[in-house]
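Okay, structure first, notes after.
The values are calculated or read from the model by the stated rules, or taken from the named source; none is laboratory data. Small disclaimer: the values here were computed from a predicted structure and weren't measured. Ideal geometry is used to build each Cβ from the backbone, glycine not excepted, and the neighbour counts take in all protein chains shown.
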Amino acid sequence: MKITNIECYPVWGGHRNFLFVVVDTDEGIYGVGESGITGREQAIIGAIEHFKPLLIGQDPFRVEHIWQMLFRGGFFPAQRILTSAMSAIDIALWDIKGKALNVPIYELLGGLVRDKVVCYPHNRGEVDNIQTLVDSCLETKEEGWKFVRWGLPNDGKILEPRKAVRETIRQFQAVREAVGEDIELCFDVHTRLDLPEAVWLCQEVEQFAPFFIEDPLRSENPDSFKTLRPRTRVPLAAGEQFSSKWEFRQLIEEEWIDYARIDLCIVGGFTEARKIAGWCETHYIQLAVHNPLGPISSAACLQLNLATPLVGVQEQPRKTGTVLTDVVPVQPEWEDGYLLATTLPGLGVEFDREAAKKHPFQQRELPQLRRPDGSFTNW
């Protein structure tokens, strides 16, 4: 079997773009993958065009060899944009292998260690209106989700850190009182705070027993976690912006996090993610995969989690089978807050290329935030 073509499908999903990649072979078996780095799809498409001549004619079963070639073959080690392109290709190659051998990808990763994977949704509220957040959390609880999750509040395009922390503390109290003790609370700082405010927030919300606080600090310097970790007892999650095992190294080895936010569509696909997952296991760090993307990403995360011993929760913004159902008509099954194991080969999905073309890419930029003094800060 040889790779014959690679095609990119940037798709507008109604609220954001998704970038799907299809790898074809001379035996008629195709694989599909998805790329991360929302808002930079055109750059990733350019990277894949650079990779294409290297991949045509290759044996798609040689996934590790291909990964090493793409990561190291340009002399400069791949990061972010390049690893996002690699991720989509790698996921597609594993999809091909599973289809060719007529088994789900989780069988290639060692087989099932669980029958289903618990997920958390995205909950949202309005600024200075806690009730809208509470209503959102109660709605997802009623639907069967076992988790709720929301993020650091901001006032439109302005983020004032201390005001945001005060509002968050009030939100935690209101949500916990509303949903009860059996629903887990996840909270995403989204790298928007500096150390003093992050410490303050983590210490104040300990009383509400959060499942984890996500990305309490910026990701460029993981060494900062060594200052935060001993000053709070709340579980910490980080890693969604990392693009290789080497970026995870310090957080794992120093045990500064409790949950690894691996993004299969940024970090290098299954080939790299399973290495990080094994490393996490040696330090009793659980996976909480980052999955704000589309149905291909959801299917890939499910396959990894089904075969990985230590898994806390999978990010799942919405139920499967509710977005781009014409483009991906077969998606993983959601039931009562869980994604269920599939017996279909490969990723267990189908991809309709003609339907994808009916949702053309729309050039969009991500939101941006400023501090009250006009200085730029993380979104």
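Counting only residues that are surrounded by fewer than 24 Cβ atoms within 10 Å (Cβ to Cβ) and on the phi > 0 side of the Ramachandran plot, the stretch 265-293 holds 1 of them. Taking the stretch 309-324 as the range and being buried (at least 16 other Cβ atoms within 10 Å of the Cβ), over 16 Å from the mean Cα position of the chain (by Cα) and of a type in the set (V, I, T) as the test, only V323 passes.
Pairing residues of the stretch 135-153 that are closer than 12 Å to F211 by Cβ and among the aliphatic types (A, V, I, L, M) with residues that are assigned to a strand (DSSP E or B) and modelled with pLDDT of 95 or more, at Cβ distances under 8 Å and at least 6 apart in sequence or on separate chains, gives V148/Y120; V148/E184; V148/L185; V148/C186.
Filtered by the rule that a residue be modelled with pLDDT of 95 or more, crowded, with 20+ Cβ neighbours inside 10 Å and aliphatic (A, V, I, L, M), the stretch 23-40 gives V23, V32. For the stretch 27-36, the criterion of being small (G, A, S), without any contact (Cβ under 8 Å) to a residue 24 or more places away in the chain and within 26 Å of V327 (Cβ to Cβ) is met by at least one residue.
Being assigned to a helix (DSSP H, G or I), surrounded by fewer than 19 Cβ atoms within 10 Å (Cβ to Cβ) and hydroxyl-bearing (S, T, Y) is the requirement here; does T140 meet it? Considered against the rule, which asks whether it is assigned to a helix (DSSP H, G or I), surrounded by fewer than 19 Cβ atoms within 10 Å (Cβ to Cβ) and hydroxyl-bearing (S, T, Y), T140 comes out as no. Selection over the stretch 234-248 of residues that are surrounded by fewer than 21 Cβ atoms within 10 Å (Cβ to Cβ) and within 22 Å of A307 (Cα to Cα) gives a count of 2. For the stretch 325-353, enumerate the residues that are in a loop (DSSP other than H, G, I, E, B), over 18 Å from the mean Cα position of the chain (by Cα) and more than 25 Å from L101 (Cβ to Cβ). Answer for the stretch 325-353, where residues must be in a loop (DSSP other than H, G, I, E, B), over 18 Å from the mean Cα position of the chain (by Cα) and more than 25 Å from L101 (Cβ to Cβ): T325, D326, V327, D336. Checking each residue in the stretch 333-369 for being of a type in the set (K, R) and buried (at least 16 other Cβ atoms within 10 Å of the Cβ) picks out no residue at all.
Out of contact with any strand residue (DSSP E or B) (no Cβ under 6 Å at 6 or more places or on another chain) and part of a loop (DSSP other than H, G, I, E, B): does that describe P77? When the stated conditions are applied, P77 passes them. Of the candidates I257, I262, I296, the single residue that is over 26 Å from V103 (Cα atoms), of a type outside the set (D, E), crowded, with 24+ Cβ neighbours inside 10 Å and in contact with a strand residue (DSSP E or B) (Cβ under 7 Å, 6 or more places away or on another chain) is I257. On the stretch given as the stretch 101-137, residues that are more than 24 Å from the chain's Cα centre (by Cα), among the hydrophobic types (A, V, I, L, M, F, W, C) and not in a loop (DSSP other than H, G, I, E, B) total 3.
Regarding V148, is this residue assigned by TED's automatic domain parsing to the domain that holds V313 and either surrounded by 20 or more Cβ atoms within 10 Å (Cβ to Cβ) or part of a strand (DSSP E or B) (or both)? Taking the combined requirement at face value, the residue satisfies it. State all residues of the stretch 165-187 that are crowded, with 19+ Cβ neighbours inside 10 Å and farther than 19 Å from D135 by Cβ; if no residue qualifies, say none. Within the stretch 165-187, just V165 meets the criteria.
Counting only strands (runs of 3 or more DSSP E) that sit wholly inside the stretch 1-40, those with at least 1 residues that are of a type in the set (D, E, K, R), outside the structural domain of T322 (by TED's automatic domain parsing) and closer than 25 Å to F242 by Cβ are 30-35.
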